[in-house]
1. When the residues of the range 192-208 are filtered to those that are assigned to a helix (DSSP H, G or I) and touching a helix residue (DSSP H, G or I) at 6+ places or on another chain (Cβ under 7 Å), which remaining residue is farthest from Ala246 (Cα to Cα)?
2. For the range 101-115, give me each residue that is assigned to a loop (DSSP other than H, G, I, E, B), over 16 Å from the mean Cα position of the chain (by Cα) and either buried (at least 16 other Cβ atoms within 10 Å of the Cβ) or aromatic (Phe, Trp, Tyr) (or both).
3. How many residues does the range 80-100 contain that are crowded, with 20+ Cβ neighbours inside 10 Å and either aliphatic (A, V, I, L, M) or assigned to a strand (DSSP E or B) (or both)?
4. Considering only the range 86-118, how many residues are touching a strand residue (DSSP E or B) at 6+ places or on another chain (Cβ under 8 Å) and of a type in the set (S, T, N, Q)?
5. Among the listed residues Val158, Val201, Val165, which satisfies the condition of being within 30 Å of Lys46 (Cα to Cα) and among the hydrophobic types (A, V, I, L, M, F, W, C)?
6. Residue check, Val201 against (1) surrounded by 16 or more Cβ atoms within 10 Å (Cβ to Cβ); (2) without any contact (Cβ under 8 Å) to a residue 60 or more places away in the chain; (3) among the hydrophobic types (A, V, I, L, M, F, W, C); (4) farther than 25 Å from Ala104 by Cα, all met but one. Which one?
7. Looking only at the range 214-230, which residues are farther than 16 Å from Ser136 by Cα, part of a loop (DSSP other than H, G, I, E, B) and touching a residue at least 24 places away in the same chain (Cβ under 8 Å)?
8. Of the numbered conditions (1) in a loop (DSSP other than H, G, I, E, B); (2) surrounded by fewer than 17 Cβ atoms within 10 Å (Cβ to Cβ), Gly187 fails exactly one; give the number of that condition.
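The values are calculated or read from the model by the stated rules, or taken from the named source; none is laboratory data. This is a predicted model, so every value here is computed, not measured. As a convention, Cβ positions derive from the backbone with ideal geometry for all residues, glycine included, and neighbour counts pool all protein chains shown.
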Amino acid sequence: MNAREILGQLAGGEISIDEAESRLSLAGLMAIGEFALLDTGRQSRKGVPEVVFAPGKTTGQLIPICEGLLRSTGKAIVANLGADQWEALENRFPSQLALASREAKTMVLRAAGGEPQRSGGKIGILSAGTADIPASEQARIIAEEMGCEVICSFDVGVAGVHRLVKPLGGMIENSVAAIVVAAGMEGALPSVVAGLVPVPVIGLPTSAGYGLGGGGVAALLAMLQSCCPGMVVVNIDNGVGAGATAALIANRCAAGA
């Protein structure tokens, strides 16, 4: 059912305003050729914008996908870009390029009116080491695009755990609603943080590491085995998932829901 049919039902008194709103949010789909079906209603339905996962897509697919999102939502967020894909988007969308982090391999394109609305939500992001910053930055970008204020502190891992005291205290004083903690190697920092704070912690294992359990495997397993309640874990290098989860928590808190 398309939007016109839903509005016709509303005008005819067949459905309520609340029902029409619900159906319209589910109707937010856009076909791009035969290779993509965009969820253009995701932001209004779920509070998380559509994020384009770049790996496996050709530039001939990626560019029309971004064009479709810009037309329908005013914004396109593309994650995990390769070098050729990055160059293609820069060349095609020079005036829409609002935010670009090569470190995080993430780009935000915006049309007029695509700026995020401030939600009042606040989150913190900690990285155990400098090598964990790319995943942390991806989480930051997603949370900010969802309207959150983000407080970051990097390189505060357990090899020098005294570095954690000041930034963590600042986050609690600023009333963050959730904290993303990115860590590779042995992945210990999220458990330490979860044992100290009264807010949810999202463990973000990164692929920083080497030898047995390298590539993020040891970090992921360590976080899954944590005995600290109040901590959940996303997949290796999944900054998008970590940032979105933290922002959903913070935005609900800000809304008093």
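1. Per the stated criteria, the residue is Val192.
2. Within the range 101-115, Ala111, Gly114 qualify.
3. Result for the range 80-100: 2.
4. Number of matching residues: 3.
5. Numbers: Val158 fails: within 30 Å of Lys46 (Cα to Cα); Val165 fails: within 30 Å of Lys46 (Cα to Cα).
Going through Val158, Val201, Val165 in turn, the sole match is Val201.
6. (4)
7. Of everything in the range 214-230, those that are farther than 16 Å from Ser136 by Cα, part of a loop (DSSP other than H, G, I, E, B) and touching a residue at least 24 places away in the same chain (Cβ under 8 Å) turn out to be Ser226, Cys227, Cys228, Pro229, Gly230.
8. Of the numbered conditions (1) in a loop (DSSP other than H, G, I, E, B); (2) surrounded by fewer than 17 Cβ atoms within 10 Å (Cβ to Cβ), the odd one out for Gly187 is (2).
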